[in-house]
1. With the calculation restricted to Cα positions, what are the radius of gyration and Dmax of the range 24-156 in angstrom?
2. Carbon-plus-sulfur fraction of the accessible area of the range 45-87, 1.4 Å probe, in percent?
3. My understanding is that a pair violates if its Cα-Cα distance is over 24 Å; which of Lys211/Lys285; Lys123/Lys179; Lys83/Lys193; Lys124/Lys259 do that in this structure?
4. Net charge near Glu286: determine it from the other residues with C-beta under 15 Å of the C-beta of Glu286, scoring Lys and Arg +1 and Asp and Glu -1.
5. Per residue, how large is the accessible surface of the chain? Use a 1.4 angstrom probe and give square angstrom.
6. Ignoring ligands, DNA and RNA, what percent of the 1.4 Å accessible area of the range 136-290 is carbon and sulfur?
7. Take the Cα coordinates of the range 35-89, assign each an equal point scatterer, and use the Debye formula without solvent to give log10 I(q)/I(0) at q = 0.27 Å⁻¹.
8. Calculate the dipole size of the chain relative to its Cα centre from +1 charges on Lys and Arg beta carbons and -1 charges on Asp and Glu beta carbons; express the result in debye to the nearest 20.
Amino acid sequence: MFLDTTNSEKIYEAVAAAFSTEVETIREYIMENAEEIVDNNYDEHFITSMSLCRLKDICQCAKLNKIKNLIVNHITPREEYKKIWTEGLSTLPHALINKTVLSEYLAGLGFTFEFIDDHICMKKDNEEVDVKKLQFSNLLMRLGGKGTFNDFNINGYLFVDKFEVHNCRGWLGSPEFLKSLATAYADNSIANKYADRCNNYLVSFRVPIGKIDLEGFDADIGEDFKSELLIKYCINRLAFATVGKLAVLEMYNPIIFLKRDYDVPEEDIEKIYHLEHSNGTLTPKELSRI
């Protein structure tokens, strides 16, 4: 089954499909239990404690249908959002090595890159850069290799929602890599000049469940368990939407990590939103593909 997390109605349909029941059955359950669900403050530490037994009984569901594909939502600063439809989204090595908006911008500053073994090799004006001789930053971690996590993957949120700037500041304005590079060279213009040309967008894309990991959980958990966790997060999301402004707590929007070698092809991009900033909050507004 397919988990579309772009709006509440799509989520209701997906949860109903997981339990092999009607949307109205799920809607009634959420209405009756929303306040209790919200009060439990389910996040990555407590989501496993959410019980689905009563809802399974109501739906006469012995076992949940497994999610095969889902929507993940990625924040990205871009000068021209329409290029996302043709470029897709790339892991860091591919974004730096292939012809992309980012690699062309960096080439204009004299930076070129190669991917050798398990790390990114960086050159400035055709001379290999010894990052250890630069200012302290997390650039070494971003480039990968020995002693790092090879953290090249695309990250995103499970749900399309309003975002508090203080929770996602690292993804705004310019790519994290440019911020690291600017710190290493003590030159904020490296990141700022790129940011000045860009707006912040939210990109919704389709991805197989086998290509994602969930914040707070081991990368080797099974797909059945992963699918169940996603359904629980969806129930939590619907409860918050039902309670609305009466909710005292901020809803936990799970961070999804794509596998380190997985690029999102352009044909899997579903929607793109402009993130409109007001009073410290970013609100997604869907953009036309044309």
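The values are calculated or read from the model by the stated rules, or taken from the named source; none is laboratory data. Keep in mind that this is a model prediction, so the values were computed, not measured. Methodologically, a virtual Cβ is constructed for each residue, glycine included, from the backbone with ideal geometry; neighbour enumeration extends over all protein chains shown. Ligands, DNA and RNA are excluded from the accessible area calculation, which covers all protein heavy atoms including side chains. Shrake-Rupley method; radii C 1.70, N 1.55, O 1.52, S 1.80 Å.
1. Values for the range 24-156 (Cα only, Rg and Dmax): 23.0, 66 Å.
2. On the way: 1160 of 2400 Å².
Heavy-atom surface of the range 45-87 belonging to carbon and sulfur, 1.4 Å probe: 48 percent.
3. Values: Lys211/Lys285 27 Å; Lys123/Lys179 17 Å; Lys83/Lys193 19 Å; Lys124/Lys259 29 Å.
Violating the 24 Å Cα-Cα cut-off are Lys211/Lys285; Lys124/Lys259.
4. Working: positive: Lys10, Lys82, Lys162, Lys271, Lys285, Arg289; negative: Asp4, Glu9, Asp161, Glu270, Glu276.
Overall, the nearby charge balance is +1.
5. Details: 14710 Å² over 290 residues.
On a per-residue basis, 51 Å².
6. Details: 3670 of 7460 Å².
The C+S portion of the solvent-accessible surface of the range 136-290 is 49 percent.
7. Values returned for q = 0.27 Å⁻¹ are -1.18.
8. Working: 33 positive and 46 negative charges, 99 e Å.
Around 480 debye, computed over the chain.
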